[in-house]
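Notes follow the structure.
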Amino acid sequence: PKTVFSGIQPTGIPHLGNYLGALKNWVELQNSASADDTLIYSVVGLHAFTIPPGDPDSLRQSKLDAAASLIAIGIDPARCILFHQDEVPEHAELAWILNCLTPVGRLRRMTTWKAKLATVKNATSLDDVDETDLSLGLFAYPVLQAADVLLYKATHVPVGEDQLQHIELMRDIASTFNGRYSPPKTPFFPVPEAVAPSATKRIRALRDPEHKMSKSSPSANSRILLTDSPESITSKIRSAVTDSTRHLTYEPETRPGVANLMDILSACTGETIDDVVRRMDGKGHSDLKAATAEAVIAMWQKPREEFERVRSDEEELRRVMWGGAERAREIASRTLAETKRLIGLA
Ligand code: TYM
């Protein structure tokens, strides 16, 4: 049996990159799960706080937005354990233990904290990022992520491409722990595997296709949010940066803007890239944009309506999430107790 774990930060309404890179897979894993598989999905507030938003109220709202978005796209709290990470304190406690097993040199090689600091500081190059400004929490972010997954002894972790370095680290941490503390021949933590979508691992920013679509990219027109209206989706895609070559070809290296639209179109409709290229043969950029906008609008029409419905009943939403936290805690507290026994702290 599989145990699937994944998380999303409550840093705003999820965008198309989150959805096509990861969340869509969460739903597919749920819908294809067998009865003895366990699915655990978390809104990771402690991770969002690694870059503390100034306003506590907006963080509280973002947590509810993220939870409602997951239910809206089809995550079913009756079939999955859906919960807020910050309502299960075991995450922070296991993270501390794993911090003590993780060399600083290993974390220094991660590009994710550099990229985050660079965006916050508006630095143009990762080399300009100054460690003096780095919080201990942001530095240890990937270790907390390892704790998230290992607490549930998860075997599969559906994520987008930008998270693969974090999966590598959690695999290393699991192996290190097993090597030092597991009873012989019975590894305590399964070494988790990433589950990445076959084609669209990485969706690019519409206005800046050199970079990934991200919650923090400077232009809001670069990302499409789950709650965007059809008009807004159409206008964002219409203003996507492409190139001046007339006919349409799929060349991600040299034509990232066009390839990104083709990736989005194929992921939304389920067509292969070859299908898309064939369908667009002899057509122009505006046809590709129109087809892509139409596909995104159709894919998200129901989730958008669902979001409004789920989000409007905050009391029910909190109740559902609290129920998830209780179920998560049952597993998490057992793993943490076993871990402490193995290392000599209990
Ligand atoms: P977060 O909240 O940044 O993003 C959630 C998921 O969306 C994927 N993603 C993308 N995929 C393709 N193209 C893009 N442009 C794009 N942007 C985002 C991310 O890869 C991610 O899968 N560290 C995680 C949260 C986390 C987590 C975990 C994940 C915390 N603990 C444990 C898995 C297991 C993150 O920053 O996600």
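Side notes on the structure shown:
- Sole exception among (1) more than 10 Å from the ligand (Cβ to nearest atom); (2) over 24 Å from residue 51 (Cα atoms); (3) in contact (Cβ under 8 Å) with a residue 60 or more places away in the chain for residue 192, by number: (1)
- Sole residue being among the aliphatic types (A, V, I, L, M) and more than 23 Å from residue 38 (Cβ to Cβ), chosen from 150, 226, 144: 226
- Screening 278, 319, 304 for residues that are outside the structural domain of residue 233 (by TED's automatic domain parsing) and modelled with pLDDT of 95 or more leaves exactly one candidate, 319.
- Only residues that are on the phi > 0 side of the Ramachandran plot and not in a loop (DSSP other than H, G, I, E, B) were counted across the stretch 279-302, and they come to 0.
- Selected residue (criterion: farthest from residue 5 (Cα to Cα)) from residues of the stretch 322-342 that are touching a Phe, Trp or Tyr at 6+ places or on another chain (Cβ under 6 Å) and aliphatic (A, V, I, L, M): 342
- Residue-level check: of (1) among the hydrophobic types (A, V, I, L, M, F, W, C); (2) at pLDDT 95 or above; (3) farther than 30 Å from residue 101 by Cα, residue 220 misses just (2).
- Some residue of the stretch 119-127 being within 15 Å of the ligand (Cβ to nearest atom), within 22 Å of the chain's Cα centre (by Cα) and surrounded by fewer than 14 Cβ atoms within 10 Å (Cβ to Cβ): yes
- Here is the figure for the stretch 145-157: residues that are more than 7 Å from the ligand (Cβ to nearest atom) and of a type outside the set (Phe, Trp, Tyr) total 8.
- When each of 142, 190, 184 is tested for being modelled with pLDDT under 90 and more than 30 Å from residue 319 (Cβ to Cβ), the lone residue that passes is 184.
- The one condition in (1) assigned to a helix (DSSP H, G or I); (2) exposed (fewer than 14 other Cβ atoms within 10 Å of the Cβ); (3) not charged (D, E, K, R) that residue 266 fails to fulfil: (2)
- Screening the stretch 204-234 for residues that are without any contact (Cβ under 8 Å) to a residue 24 or more places away in the chain and crowded, with 22+ Cβ neighbours inside 10 Å and picking the one that is nearest to residue 20 (Cα to Cα) gives 205.
- Residue match in the stretch 195-203 (condition: away from the ligand (no atom under 12 Å from the Cβ), over 21 Å from residue 9 (Cα atoms) and touching a residue at least 24 places away in the same chain (Cβ under 8 Å)): no
- Filter result (within 11 Å of the ligand (Cβ to nearest atom), polar (S, T, N, Q) and within 20 Å of residue 192 (Cβ to Cβ)) within the stretch 30-53: 42
- Filter result for residue 68 (within 16 Å of the ligand (Cβ to nearest atom), of a type in the set (A, V, I, L, M) and either in contact with a Lys or Arg (Cβ under 7 Å, 6 or more places away or on another chain) or modelled with pLDDT of 95 or more (or both)): yes
- The stretch 193-217 - residue that is in a strand (DSSP E or B) and of a type outside the set (A, V, I, L, M, F, W, C) and, of those, modelled with the lowest pLDDT: 212
- Exclusive hit being within 20 Å of residue 143 (Cα to Cα) and more than 9 Å from the ligand (Cβ to nearest atom), set 27, 4: 4
- A single entry from 239, 333 fulfils the requirement of being at pLDDT 95 or above, surrounded by 12 or more Cβ atoms within 10 Å (Cβ to Cβ), polar (S, T, N, Q) and more than 28 Å from residue 213 (Cα to Cα): 333.
- Top-ranked residue in the stretch 180-192 [being part of a loop (DSSP other than H, G, I, E, B) and in contact with a Leu (Cβ under 9 Å, 6 or more places away or on another chain); ranked as surrounded by the fewest Cβ atoms within 10 Å (Cβ to Cβ)]: 183
The values are calculated or read from the model by the stated rules, or taken from the named source; none is laboratory data. Quantities reported herein were computed from a predicted structural model and do not represent experimental measurements. As a convention, Cβ positions derive from the backbone with ideal geometry for all residues, glycine included, and neighbour counts pool all protein chains shown.
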